[in-house]
Amino acid sequence: MSSNSPVLPLELEREIFEEAAIRCPETIPSLLLVSHRVYEILKIKYRTVTPKGELSTCTFAALRRAIQYNSKAPSFRTHVRHLYIAHSADDGSEVQEILFACAGIQSLSLMTWANIPPSILLALSTLRPRRLWVHIDSLLAAKDLCQPMFTFVTHLLLIVQRTDIGASLSFLANFPSLTHLTIVYAEHTLASHILASFKRLKVVVEYSVATAREELDNVDDRYVTIALQKLIEEWVVGSRGGNDFWARAEAFIAKKRRREIQPDWRYWIEDADGV
């Protein structure tokens, strides 16, 4: 290339290639071959996917179009790392297609799906995420099929709307690497049973929007309640290794063990705690 050739600002170059990938997804294989710099731009483009692109690098619709036009391209298997799936009105075929194409997913959210369509259960069994958000009822009936997906999960957000504590405890035994657990819509007694049964858990967070608090006797210091309003934002922050609710809960527990939290039996985070 001649030294007199025009050079675009990096920001403009990124915008051009990202827009080209979105508007003409059939060109992605060719775009990836333009240069190493462009390859890196597009790899980042598809790293984090949310339903409408909230705080992420790509929308669900843009990813689906790209995969449809490039079904034989291996890039999505390695490029898509974090996928947040909203409820889909179809039979799950769209989601199935994406999951099979993105086998390298590290963070997966299916929490908006109270009942996962059978059509995507096989696709789920091929994944090995580290972080998983899901309804417990969605997987209880299919836990044998999806067992391989649980192998490396360390951070689990579990929506539990049942009172059958035994079913919840037996289900958690399928996660041999689990260290962090968040329970949504659960009773305090469930968290205490889980902590007593699974000593390897570093922290159990109860997601709660309630403002009323009550003192619990002999509560395990790994148990924390956090009031959250924007779960999808928390998910994106966590996928980037940021200070999400799990990180804040760990920091709170560390302070509590150093006797920096008063009263020492408190199990919920307050603004003054600085975490």
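The values are calculated or read from the model by the stated rules, or taken from the named source; none is laboratory data. Bear in mind that the values here come from a model prediction, so they are computed numbers and not experimental data. Backbone-built Cβ (ideal geometry, glycine too); neighbour counts: all protein chains shown.
Points to keep in mind about this one:
- Strands (runs of 3 or more DSSP E) (entirely within the range 80-153) containing at least 3 residues that are in contact with a Ser or Thr (Cβ under 9 Å, 6 or more places away or on another chain): 82-84, 131-135
- Any chance residue 178 is farther than 15 Å from residue 84 by Cα and assigned to a helix (DSSP H, G or I): no
- Search result, residues across the range 62-77 that are out of contact with any strand residue (DSSP E or B) (no Cβ under 9 Å at 6 or more places or on another chain) and at pLDDT 80 or above: 64, 65, 67, 68
- Across the range 244-273, the qualifying residues are those that are touching a residue at least 40 places away in the same chain (Cβ under 8 Å) and touching a strand residue (DSSP E or B) at 6+ places or on another chain (Cβ under 9 Å), and the one among them that is surrounded by the fewest Cβ atoms within 10 Å (Cβ to Cβ) is 268.
- Note on the range 48-61: among residues that are surrounded by fewer than 18 Cβ atoms within 10 Å (Cβ to Cβ) and modelled with pLDDT of 80 or more, the one that is nearest to residue 85 (Cα to Cα) is 51.
- Out of 181, 172, 139, 157, sole residue that is under 25 Å from residue 104 (Cα atoms), modelled with pLDDT under 85 and under 20 Å from the mean Cα position of the chain (by Cα): 139
- Within the range 255-269, considering residues that are at pLDDT below 90 and closer than 15 Å to residue 205 by Cβ, the one farthest from the chain's Cα centre (by Cα): 266
- Residue in the range 163-175 that is closer than 19 Å to residue 236 by Cβ and outside any helix (DSSP H, G or I) present: no
- Residue 216 meets the conditions (1) at pLDDT below 85; (2) surrounded by fewer than 13 Cβ atoms within 10 Å (Cβ to Cβ) in every case but one. The failed one is (2).
- Candidates 110, 83: the one that is at pLDDT 85 or above, under 20 Å from residue 144 (Cβ atoms) and touching a helix residue (DSSP H, G or I) at 6+ places or on another chain (Cβ under 8 Å) is 110.
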